[in-house]
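Please find one structure pasted underneath; my questions will follow.
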Amino acid sequence: MSKNLISQDLKHYLALIAFLSFGLTLFLIFDYNRQVQVGITLLMASIYVVWGIVHHTVKKELHLKIIFEYLIVATVASVVMIFLLMRT
């Protein structure tokens, strides 16, 4: 791997960490409102999917299989989070 490619990947992953950290912060701030937390969960899942598509498009590795993988991971995570939110 070239240094430029590693640098580009690092920027992408740092952006993902920043987006998800911001989402987690909002999630914790709105701990008193379950509906807002559900919305934040869905927003974070959407950002994750979009990030994955953009990341793999830039790397010229985007395939339908990869899109489905990101969608499945985001859906499972969202369902688990919403289920846990509704139980409390």
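The values are calculated or read from the model by the stated rules, or taken from the named source; none is laboratory data. No experiment lies behind these values; they were computed from the predicted model shown. Ideal geometry is used to build each Cβ from the backbone, glycine not excepted, and the neighbour counts take in all protein chains shown.
Let's see how each residue does on (1) in contact with a helix residue (DSSP H, G or I) (Cβ under 7 Å, 6 or more places away or on another chain); (2) in contact (Cβ under 8 Å) with a residue 24 or more places away in the chain:
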| site | (1), (2) |
| --- | --- |
| Lys11 | no, no |
| Ser21 | no, no |
| Thr25 | no, no |
| His56 | yes, no |
| Ile82 | yes, yes |
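Among the candidates Leu43, Leu64, single out the residue that is under 26 Å from Leu85 (Cα atoms) and at pLDDT 95 or above. Reasoning before the result, please.
On the way: Leu64 fails: under 26 Å from Leu85 (Cα atoms).
Selected residue: Leu43, the only one of Leu43, Leu64 that is under 26 Å from Leu85 (Cα atoms) and at pLDDT 95 or above.
Return the residues of segment 54-72 that are surrounded by 15 or more Cβ atoms within 10 Å (Cβ to Cβ) and part of a helix (DSSP H, G or I); say none if nothing qualifies.
Residues satisfying the conditions are His55, His56, Ile66, Tyr70, Leu71.
Of the residues Arg87, Arg34, which single one is charged (D, E, K, R) and either in contact (Cβ under 8 Å) with a residue 40 or more places away in the chain or in contact with a Ser or Thr (Cβ under 7 Å, 6 or more places away or on another chain) (or both)?
After applying the criteria, what remains is Arg34.
Does Ile47 satisfy being closer than 16 Å to Ala77 by Cβ, of a type outside the set (Phe, Trp, Tyr), part of a helix (DSSP H, G or I) and within 9 Å of the chain's Cα centre (by Cα)?
Numbers: closer than 16 Å to Ala77 by Cβ: yes; of a type outside the set (Phe, Trp, Tyr): yes; part of a helix (DSSP H, G or I): yes; within 9 Å of the chain's Cα centre (by Cα): yes.
So Ile47 fits the description; yes.
Can you work out which of the residues in segment 5-37 that are surrounded by 12 or more Cβ atoms within 10 Å (Cβ to Cβ), more than 18 Å from the chain's Cα centre (by Cα) and assigned to a helix (DSSP H, G or I) is modelled with the lowest pLDDT?
Residue satisfying both the conditions and the ranking: Gln8.
Tell me, yes or no, whether segment 25-40 has at least one residue that is hydrophobic (A, V, I, L, M, F, W, C) and under 28 Å from Leu64 (Cβ atoms). Walk me through it before giving the result.
Going residue by residue through segment 25-40, those that are hydrophobic (A, V, I, L, M, F, W, C) are 26-30, 36, 38, 40.
Filter once more, so that each one left must be under 28 Å from Leu64 (Cβ atoms): none.
Taking every residue of segment 25-40 in turn, none turns out to be hydrophobic (A, V, I, L, M, F, W, C) and under 28 Å from Leu64 (Cβ atoms).
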